[in-house]
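To start, the structure under review is shown below, and the notes come after it.
Any read-out appearing in this document is the output of simple, stated calculations on the displayed coordinates, not a laboratory observation. Since this is a predicted model, take the numbers as computed values, not measurements. Cβ sites come from the backbone with ideal geometry, for glycine too, and all protein chains shown count toward neighbours.
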Amino acid sequence: MQPINRTYAPVQAFVDELARCGVRHAVTSPGSRNAPLALVLAEQPGIEAVSVIDERSAGFVAVGIARATGAPVAVTCTSGTAAANLHPAVAEAREASVPLLVLTADRPPELRDVGAGQSIDQLGLYGSAAKWFHEVGGHEPGRATAVHHRGLACRAVATAAGGRPGPVHLNFPLREPLAPRPEDLDAADWEGRPDGSPWVAVEREPGAGGAAALREWIGGAERGVIVCGEAPGEMAAPAAALAAALGWPLLADPASGVRSGPHDRSHVVAHYDVLLRVEAFAAGHRPERVLRVGEPPVSQSLRAWLAGTDQAVIDPRVTWHDPTREARLVAAGDPATLLAELAGEGGGGDPAWVESWRAADAAVPRALAESPAGFEGAIPAALAPALPDDALLWVAHSMPVRDVEAFLPSTPRPLRVLAARGANGIDGVVSAATGAALGAGRPAHLLTGDVALLHDAGGLISARRAGAELTIVCVNNGGGGIFDFLPVAAAADASAYERHVATPHGVDLAELAALGGLAHRVAATPEEVAGAVATPALVEVRTDRAENVRLHAALVERVAELVP
């Protein structure tokens, strides 16, 4: 490596070490102070750098790439409020256990707090949202500085990816020269290990763990339930095997990878969210044991039903994500390994128990088929068969993620579902879907509401500039549809509620599609939605918020009549 100058050489050593540690993607935003970081990342062999104009969008592009690949992603920005615009993505990465390397450029100490432009206090800027913060510091050029930066890069990658993954914040106070003007520096001072290995290698144990405690907890329970949420790794086959061995239903969140795929799905229950809104069914199906794997699903009806049950959790990251506070046992091993060990013991179970769940689950598609046009819950059911094999579907909060959990059917076709499940915000949905498409190296579909789409309108520019192939299905109900389901809709002054909470916008989505270089199509029925997603476009599905609330309630009533 030929060092450029005293500013660039430490950055070159740092970025070279990132590549040696396995970092393969970076996201850059424009700026002068971060020019050394952005230019070196862009030129580093082995790292694919994506240019995004807006830092808020850039942060979520990085989150999307990291979610799709499971590997740390670097994101860099210039000094000042640019760094503050990364905060929502950092918060999401923290809550969703996403490995992120946040590299903020900063003014050197002598230019801080003296009125210099683009200067704010960036030390510990992200607070507790950052898993680790380090002020890189300014050092005289030489071998000691190279060793410092190489070791720092290794620690940053290991910290972001290790244990419970999360965001690491490194603040670079960069002095002039910020331009890549060559200086006479000794290349030998800046070299890494000659065999191309990282400066510091971190060996991780797989964390398989033992299943003895879980086996003892399961005991001879016949009326148990397995709840699979999002978790690292592939767990579909062992989860299905355990469900069959125990004779327990498998309530599979779409993001778990268990609801869809070629594995045995005979015990999978896809529509648990709807079933547990039926009071008689929920009361008559209280379990003896609940084994939960990974993150808790979004479903409020499921969470309410879980309260008061005897639970154990397989939590490989030990995130303590247990909103019910009912778990008596947490197993920190690899989910696939633990599930396979438990399945090998057999179990039995009451055949009538799982059959009652399967029969009830089959009633939901029948009820859904009777829903009139305009029911938003029918859209995920229409998308499932229309998407290509191994499709990547990013789902926005607030109503889309709930409708996907409630109505996306179980299917033998592989389907990867991702969402911002950490902070559960609507931030950056287009940008995150863009990042997922880039990280996965294939087209992506985004299901979103109109407010979330408008909230990240800049993400359409990011997708277009990055060349991501994106198909967006936007449910346009003229505002925040989820609020109509909440008590505030009935209790607040109607005019104030409509303007300040529901926030109808009146934006022509055809103009928004043009911003992203997308075709615009309008679909009125589930069949039209299925046909409209065949090629990239912004597909607009116009619905009525108030009518959608009524149709949700009517569907639950029909299911209540159909379930045994």
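Stretched out fully, how many nm does the piece from Ala179 to Asn424 gain, at 0.36 nm a residue minus the Cα gap?
Working: separation 245, 0.36 × 245 = 88.20 nm, distance 4.01 nm.
That works out to 84.2 nm of additional length.
Amide H to amide H, which residues 5 or more places from Ala419 or on other chains are under 5 Å from it, using H placed in the peptide plane?
Val395
Using a Förster distance of 25 Å, how high is the FRET efficiency between Asp310 and Ala282, based on the Cβ-Cβ distance and rounded to 0.05? The partial results should precede the final answer.
Numbers: r = 17 Å, r/R0 = 0.66.
So the FRET efficiency works out to roughly 0.90.
Mind listing the long-range amide H neighbours of Val473? Cut-off is under 5 Å, sequence gap 5 or more, other chains count too, H placed in the peptide plane at 1.01 Å from N.
For Val473, whose amide H was placed from the backbone, the distant partners under 5 Å are Leu446, Leu447, Thr448, Val539.
Round to the nearest 10 and give me the degree value, 0 to 90, for the angle of helix 236-246's Cα axis relative to the longest principal axis of the chain.
Helix 236-246 sits at roughly 40 degrees to that axis.
Taking the Cβ of His552 as the centre, find all other residues whose Cβ is under 15 Å away and add up their charges (Lys, Arg: +1; Asp, Glu: -1). All intermediate terms of the calculation are to be shown ahead of the outcome.
Details: positive: Arg277, Arg402, Arg545, Arg550, Arg558; negative: Asp273, Glu370, Glu376, Asp403, Glu405, Asp484, Asp544, Glu547, Glu557.
Surrounding charge for His552 is -4.
How large is ³J(HN,Hα), in whole Hz, for each residue of segment 315-323 in order, when computed from phi with the Karplus curve 6.51 cos²θ - 1.76 cosθ + 1.60 and θ = phi - 60°, using x for Gly and Pro?
The phi angles translate into 10, x, 9, 6, 8, 6, 8, 9, x Hz.
Quick one: putting +1 on the C-beta of Lys and Arg, -1 on the C-beta of Asp and Glu, what dipole do you get for segment 263-405 around its Cα centre, in Debye to the nearest 20?
Numbers: 12 positive and 21 negative charges, 72 e Å.
It comes to approximately 340 debye.
Rounded to the nearest 0.05, what FRET efficiency is calculated for Ala144 and Glu561 with R0 set to 56 Å and r the Cβ-Cβ distance? Don't jump to the answer; show the numbers that get you there.
Numbers: r = 76 Å, r/R0 = 1.35.
The calculated FRET efficiency here is 0.15.
Tell me the net charge near Val225. Cut-off is 10 Å between Cβ atoms, Val225 excluded, with +1 for each Lys or Arg and -1 for each Asp or Glu. Numbers along the way, then the final one.
Values: positive: Arg223, Arg286, Arg289, Arg292; negative: Glu288.
After counting each charged neighbour, the total is +3.
Normalised by the empirical 2.2 N^0.38 Å for globular proteins, what value does the Cα Rg of segment 8-190 take? Please list the in-between numbers first.
On the way: Rg = 15.0 Å, N = 183, 2.2 N^0.38 = 15.9 Å.
With N residues counted in segment 8-190, Rg over 2.2 N^0.38 Å equals 0.94.
Search the structure for amide H atoms under 5 Å from the amide H of Ala49, placed 1.01 Å from N in the peptide plane, and list their residues when 5 or more places away or on another chain.
Those lying under 5 Å, H to H, from Ala49 are Ala26.
Counting only other residues whose beta carbon sits under 11 Å from that of Leu251, what net charge do I get with K and R as +1, D and E as -1?
On the way: positive: Arg259, Arg292; negative: Asp253, Asp273, Asp361, Glu405.
Local net charge: -2.
Report the extension gain between Asp189 and His500 in nm, rounded to one decimal, defined as 0.36 nm multiplied by the number of residues separating them, less their alpha carbon distance.
Details: separation 311, 0.36 × 311 = 111.96 nm, distance 5.99 nm.
Length gained between Asp189 and His500: 106.0 nm.
Helix-derived [θ] at 222 nm for the chain: sum -39500 (n - 2.57) over DSSP H runs of at least 4, divide by residue count, nearest 500?
Calculated mean residue ellipticity at 222 nm is -11000 deg cm²/dmol.
For segment 43-58, just list the computed ³J(HN,Hα) in residue order, Karplus coefficients 6.51, -1.76 and 1.60, θ = phi - 60°, integers in Hz, with x standing in for Gly and Pro.
9, 6, x, x, 10, 9, 9, 10, 8, 10, 5, 9, 4, 4, 5, 4
Whole-Hz ³J(HN,Hα) for each residue in segment 464-473, computed from phi via Karplus 6.51 cos²θ - 1.76 cosθ + 1.60 with θ = phi - 60°, x for glycine and proline: what do you get?
Result, rounded to whole Hz: 5, 5, 7, x, 6, 8, 10, 10, 10, 9.
Can you work out the PRE-style zone for Val549? Point 7 Å along Cα to Cβ, and I want the residues of segment 505-533 with backbone N under 20 Å.
Output list for this probe position: 505-506.
Can you give the angle from 0 to 90° between the axis of helix 429-440 and the longest principal axis of the chain, with both taken from C-alpha atoms, to the nearest 10?
It is inclined by approximately 80 degrees.
Working from Cα positions, state the angle (0 to 90°, nearest 10) between the long axis of helix 545-562 and the longest principal axis of the chain.
In the chain, helix 545-562 runs at an angle near 50 degrees to the longest axis.
Report the gain in length on full extension from Glu234 to Ser51: 0.36 nm times residue separation, minus Cα-Cα distance, nm rounded to one decimal.
Numbers: separation 183, 0.36 × 183 = 65.88 nm, distance 3.14 nm.
Residue separation times 0.36 nm, minus the Cα-Cα distance, leaves 62.7 nm.
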